[in-house]
1. Can you classify the stretch 25-74 as rounded, prolate or oblate using the Cα gyration tensor, where a ≥ b ≥ c are the square roots of its eigenvalues, rounded means a/c under 1.5, and otherwise it's prolate if a/b beats b/c and oblate if not?
2. Starting from the Cα-Cα distance between R65 and T6, subtract it from 0.36 nm times their residue separation and give me the gain in nm to one decimal.
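All of the numbers you see were taken from the coordinates with simple rules; none came from a lab. Worth saying up front: this structure is predicted, and the values here are computed from it rather than measured.
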Amino acid sequence: MTTKLTLSSLKILVQGIASSHGESIGCDACWDQIDRFAEIELAGKDASQVLPLVEDHLERCGMCREEYEALLEALKNLPE
Ligand SMILES: [Zn+2]
């Protein structure tokens with residue numbers, strides 16, 4: 001039996017691994033939760049415990065990290 005690895009079968013394989021582990025999210029999913037993440041952080045709680053996937057994405061994605069830090073600053077300076 002010969003194993004033919006096509007690009008599409010590789011993609012399915014990679015997607016399967018990613019979803020079965022459920023350990024990483026993309027920028028879109030990160031953005032859906034980033035305001036909550038910032039609010040938890042500002043409330044003095046450990047946001048990485050509540051939203052570990054967002055924390056994980058911020059660790060790996062410099063773009064989202066920068067936006068998150070900007071958001072955090074904006075929230076801190078928000079008038080009551
Ligand atoms: Zn990102």
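1. Verdict is oblate for the stretch 25-74.
2. Here the answer is 17.8 nm.
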